[in-house]
1. Looking at the range 266-289, can you tell me whether even one residue there is of a type in the set (Phe, Trp, Tyr) and more than 29 Å from the chain's Cα centre (by Cα)?
2. Is it the case, given these coordinates, that residue 375 is open to solvent by less than 30 Å² (accessible area, probe 1.4 Å) and at pLDDT 90 or above?
3. So is residue 380 open to solvent by less than 20 Å² (accessible area, probe 1.4 Å) and either at pLDDT 85 or above or not in a strand (DSSP E or B) (or both) or not?
4. Does the range 458-469 contain at least one residue that is surrounded by fewer than 19 Cβ atoms within 10 Å (Cβ to Cβ), among the basic types (Lys, Arg) and not in a helix (DSSP H, G or I)?
5. Counting only residues that are of a type in the set (S, T, N, Q), open to solvent by less than 80 Å² (accessible area, probe 1.4 Å) and within 19 Å of residue 521 (Cβ to Cβ), how many does the range 554-596 have?
6. When the residues of the range 404-434 are filtered to those that are surrounded by 23 or more Cβ atoms within 10 Å (Cβ to Cβ), of a type outside the set (Gly, Ala, Ser) and part of a helix (DSSP H, G or I), which remaining residue is farthest from the ligand (Cβ to nearest atom)?
7. So residue 551 clears everything in (1) more than 43 Å from the chain's Cα centre (by Cα); (2) buried (at least 19 other Cβ atoms within 10 Å of the Cβ) except one condition, right? Which one?
8. Filter the range 470-488 for residues that are in a helix (DSSP H, G or I), closer than 16 Å to residue 451 by Cβ and open to solvent by less than 40 Å² (accessible area, probe 1.4 Å) and give the result.
Amino acid sequence: MGATLSRLRAVLRGSSGAYWTLTGLWVLLRAGTLAVGLLFQRLFDGIGGGTAAGGAGAEGGAGTGAGAGTGGLIALIAWVAAIEGARLVLQFGVMLSRLEPRLQYGATAGLRRSLLGTALRRPDVTARVPPGEALRAVGEDVEEVGFFLAWAPTNLAHWLFVTASVGIMLTVDVLVTVALLGLLLAVTLVTALVHGRFLVHRRATRTASAHVAGALGEAVGAVKAVQAAAAEDHVTAHIGRLDEARGRAAVREALFAGVQRNVIGNAAPLGVGLVLLLTAGRARDSFGVGDLALFTFYLQILAEALASIGILSIRLQRVSVALERVTAFRGAAADTAAPPGKPAGHRTPPPRRDVPRLLEVRHLTAHHPGTRRGVEDAGLSVADGTLTVVTGGVGAGKTTLLRAVLGLLPARAGGEVLWNGEPADRAGFLVPPRCGYVPQAPRLFSGSVRENVLLGRDDDRALAAALRTAVLEPDVAAMRDGVDTVVGPRGLRLSGGQIQRLAIARMLVRRPRLMVVDDISSALDPETERILWGRLLDGSSAVLAVSHRPAVLRAAAQVVVVTDGRVEATGTLDEVLAASAGMRGLWATATASPRD
Ligand SMILES: Nc1ncnc2c1ncn2[C@@H]1O[C@H](COP(=O)(O)OP(=O)(O)OP(=O)(O)O)[C@@H](O)[C@H]1O
């Protein structure tokens, strides 16, 4: 509980003024409700001729209501109208339309920004936290926290209103008040139970909806594969089953939401019935029409306030679980934020200052999460302005090595990645302008070519230069809207080669000192590839590339041969050919290909 409150305080930082203003306004609003109840009591006593002889409120009513005559009654009505008018303006014009949304969406936006910032600064976090959990923390959990922060300010007002209104009602009639409290507490209990079930079903509906959306997304994304496998019926039936499950979950959610609404909504009429039943013989005697008006008016808000208090513990439980997950997500990032440490008892030689190395990797071990597969004790170095090519057989671990070097895979303590001889905090370090990375299957956004290359920058000259170097200029010139052509979801309207060159242009625009490219040859025709390499290798940046193309291997200052997740040989092409039988086999295959 203490941890939850301090986490909530941390989320509120920056908007605590709005929070306490809202709390104060809710208290003011409920004080107005109390006052209107008392005014109603006097008004109706006045209209009824001040017949109530019961509690203190009724006695007061006789003095100012019945005794005041028509002028007094009009004054009372004017007071009620003024208070209710002010309440409407305050509640709808300020609280519900401004303060609550500012609190809720301000907190969710702030929390989401900080979580996304963490994930983007520490991409290795995504490797540690399963994608489902990460999405839940950034989506549902953040929303739960935002909702709670906007809802919580009503609670203090509810408690104060319940205490004060019950106190006033007790002074009118103890028996009726106690009986009403009994009824309302039963309603509160039922509401709490129903609310708990409603939340369970709401979560089930969301999960089921996510499954349907996911399946639809996959089916649309893999239309060709589905057609090729003649699996249309199977996929349709699968989505149909998921849709039915969502339908069932949604019906249960709606049912419990309806029951909850009805239980709270019927509490007040039930209460009025109970009051009438208990005071039937005593009306106009000890329980006057003014008292009935007071009880009736308070009952509605009392039922809502008690129901809200009833669900407080459930809401608190949920928000504390949500905050725990959000904190765990952040914690995973913090755990990996420290630069890679040294293994116990392992002494790393000092960086060699004699040979200027832009990047130096030593004893790097990294596995794919939950597996023993990855790279073991790998080492490599890249000199400024030169080409280093990582090569090896299919599945040898080339991509894994690049990802481990870039810090995109959680590495075991003990490895070292040095940038200009200094330790690099890898995940947040090897990014532009130091380092750019084009993976084997680059991701594009559904915006235009310009947006995908510039990603928020405003530099048309850099855009034109990058498109030229990436050999994308002729393609863009042939597009209907040029650089403003929209590439479609994930670049679906572009060919594989265009996607790769667009990703290269995105990297070039940031002018990194080291360009890391993973097998960009696969989707390019030989001529385009030749021109592209010619431009990339102009000596202005160092390049670390995965490739098995003879032309690229010949151009390399250094070749790193990877076998079974280990660096088997490093050196010039001639040196690795002499040192590694595996490399000789790969070379023979590559040079036998008609393309080379
Ligand atoms: N996300 C992953 N989770 C678990 N294992 C993985 C994952 N990605 C790759 N692997 C495994 O790690 C090993 C190395 O894969 P990697 O993709 O690094 O090889 P590669 O040499 O780049 O292959 P290719 O030539 O096909 O591009 C393989 O056994 C592969 O199955």
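The values are calculated or read from the model by the stated rules, or taken from the named source; none is laboratory data. Here the structure is a predicted model, which is why all the values come from computation and not from measurement. Using ideal geometry, Cβ is built from the backbone for each residue, glycine included, and neighbour counts are taken over all protein chains shown. Side chains are part of the model used for accessible areas, which takes the heavy atoms of the whole protein and leaves out ligands, DNA and RNA. Shrake-Rupley method; radii C 1.70, N 1.55, O 1.52, S 1.80 Å.
1. The answer is yes, given that some residue of the range 266-289 is of a type in the set (Phe, Trp, Tyr) and more than 29 Å from the chain's Cα centre (by Cα).
2. Values: open to solvent by less than 30 Å² (accessible area, probe 1.4 Å): yes; at pLDDT 90 or above: yes.
So residue 375 fits the description; yes.
3. yes
4. no
5. Qualifying residue count for the region: 3.
6. Among those that are surrounded by 23 or more Cβ atoms within 10 Å (Cβ to Cβ), of a type outside the set (Gly, Ala, Ser) and part of a helix (DSSP H, G or I), it is 426.
7. The one condition residue 551 does not meet is (2).
8. 476, 482, 483
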